[in-house]
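The block underneath contains the structure these notes are about, expressed in structure tokens.
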Amino acid sequence: MVRALDSDHFAHVYGMQNYALGGKYQSARAAALSMRGELPFYAPIKLDSYTVGESRRLLNNQAIMMMKVCYHSPEPDFPELADEITQELRREWVKHIWESRDVGNEVIRAFLDGDGLGLGIVEIKSEDGLMVARRHRRTNVLVDPYATDASRARYAAIVYDMPTEEAVAMFGSKVARAQVNLADSGESLSMPIVRIVKYVDRGIAKSEPTCTYFLSGLGGDVLHSEATGYDFLPLSFYIHWHPYDLKHPVGRIDMQIGTQEMRAGLWRHWKKQLERGAGFDIINTTGLTEESLRAYMMGETQAAMFYNGDQTTNVGNMVNRIPAAGIDASSFHLHQLLDIEQNTESGSSDADRANISQKQKTLGEIELTQSGADTQTAWSQRQYARFLMDIVEKMVKMGRKEERAPFRLQLRGTSIQFNDPKEPKSAFEPFLEEESRVVVSEDNTTYKSQADKRKEAISYWSAMMQDPYSNPLEVRRKIYEAMGERNPDAFINPELVQTGGVIPQPLG
């Protein structure tokens, strides 16, 4: 694991994060490289003051991609489960985890890490008997350096900076001796913590999968070690793009820094020129006396300029003051070219930013501009869906042993209590036992208006009405549900449905 501590890469990641938030890349990277110790403390990044004339495109592009890709909680399918109730309960369980245990926010933060920096990491674990996922900073996770891809890592180490009382509660009072103060490690806040390193593997050679806790560092005292029983790491990785033989994957921030630096340089130039640019005067020389005109033409300094006595025009109108020099139009043209270049690099277009007013464009041009950005968005959707599938799959496998605390789920309008200690039959474990692959649709988490979603559902179920083998009652119920009705059965008359809408007449 010591070989996995790539100080140069971590310093690069720290510099990219700082740059995206308006700071200086080189100074942040140099500060990170100057940090000493086996596992350096990377101080939380602070926002620089937001001033006029500073481009924030990198941060805006991150926000746009997050809103486009991570809009909804996942609704996974388990196609190999034969029982429909089990499928629905698992789906509701995942939705409950995402929305009630703060997992959704953690996964989105990991997505932003991966999308911007190349690699995002979440840990799947149990907290008080409930399955959760927690995002970790890139600089706090050491991954198997021999793995060609993080998802193939055989082992990893997670660095926890714990409050002293929490560490003592977990491992006893002896860990309090290792307490350090962040103020002594370069952090401005005075905050006592204990550093714990959690090492996990999925079995090296013939050994069993192991989880081990170390104190202070990888060479510190072993606090606890146990076999996990899982043949996989309790970590999921969002990998944006891993080109060629690079040791680490690449994110969008890396690809935009060059263009962003040029944009920022232009903005600073314009701001300086508008604020402190040298002004100039336009002087009407008509009517100047011969001596004043000669001195003016020769560039001599004059305390006063004199006009002929017959000049009737107000002297104040003879001089026009221009407050600042005009900015070269070519710099604006360069800025527009940089906009186009950064649209390609970031995957966010002017249409995404609601900025299509630079010049008039036809509808076809707008659609063509958007299509290029949608290509990169589609790739992010695919990678995010794979990320979610890996998280859910590991949650199901670990949940068979770890999901023990009471919770409630909604199933078809009914609230059901699970893992009730007074009712053994309420255990949720049986609904996680059966094996099944996990499927998350790529467009399941993207934004769609409620009206569009209803139109799609109504169109789908209306087409099912033409199938002579379908159940017309169930199809009509689905149509009313798609329309937003909470009680669709109130609108269904079984007799009319079974007779095709014709009221049966008595015989005779």
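Points to keep in mind about this one:
- TYR42 vs. criteria open to solvent by 50 Å² or more (accessible area, probe 1.4 Å), part of a loop (DSSP other than H, G, I, E, B) and of a type in the set (Phe, Trp, Tyr): no
- Members of segment 92-108 that are over 19 Å from the mean Cα position of the chain (by Cα) and part of a loop (DSSP other than H, G, I, E, B): none
- Flag if PRO472 is open to solvent by less than 80 Å² (accessible area, probe 1.4 Å), at pLDDT below 90 and in contact with a Gly (Cβ under 9 Å, 6 or more places away or on another chain): yes
- Selection count, segment 142-152, where residues are in contact with a helix residue (DSSP H, G or I) (Cβ under 9 Å, 6 or more places away or on another chain) and either aliphatic (A, V, I, L, M) or buried (at least 16 other Cβ atoms within 10 Å of the Cβ) (or both): 4
- Hits in segment 153-175 - residues which are open to solvent by less than 40 Å² (accessible area, probe 1.4 Å) and of a type in the set (Gly, Ala, Ser): ALA153, ALA156, ALA157, ALA167, GLY172
- Looking across TYR230, TYR213, one residue alone is open to solvent by less than 50 Å² (accessible area, probe 1.4 Å), in contact with a strand residue (DSSP E or B) (Cβ under 8 Å, 6 or more places away or on another chain), aromatic (Phe, Trp, Tyr) and farther than 24 Å from ASN18 by Cα. It is TYR213.
- Qualifying positions in segment 1-39 - of a type outside the set (A, V, I, L, M, F, W, C), in contact (Cβ under 8 Å) with a residue 40 or more places away in the chain and in a loop (DSSP other than H, G, I, E, B): ASP6, GLY37, GLU38
- Evaluation of LEU89 against (1) open to solvent by less than 10 Å² (accessible area, probe 1.4 Å); (2) touching a Gly at 6+ places or on another chain (Cβ under 9 Å) (one fails), failing number: (2)
- In segment 211-238, the residues that are out of contact with any Lys or Arg (no Cβ under 9 Å at 6 or more places or on another chain) and among the hydrophobic types (A, V, I, L, M, F, W, C): LEU218, VAL222, ALA227, PHE237
The values are calculated or read from the model by the stated rules, or taken from the named source; none is laboratory data. Given the structure is predicted, the values throughout are model-derived calculations rather than measurements. Heads up, the Cβs are rebuilt from the backbone with ideal geometry, glycines too, and the neighbour counts pull from every protein chain shown. Remember, those area values only see protein heavy atoms, side chains included, never the ligands or the DNA or RNA. Shrake-Rupley method; radii C 1.70, N 1.55, O 1.52, S 1.80 Å.
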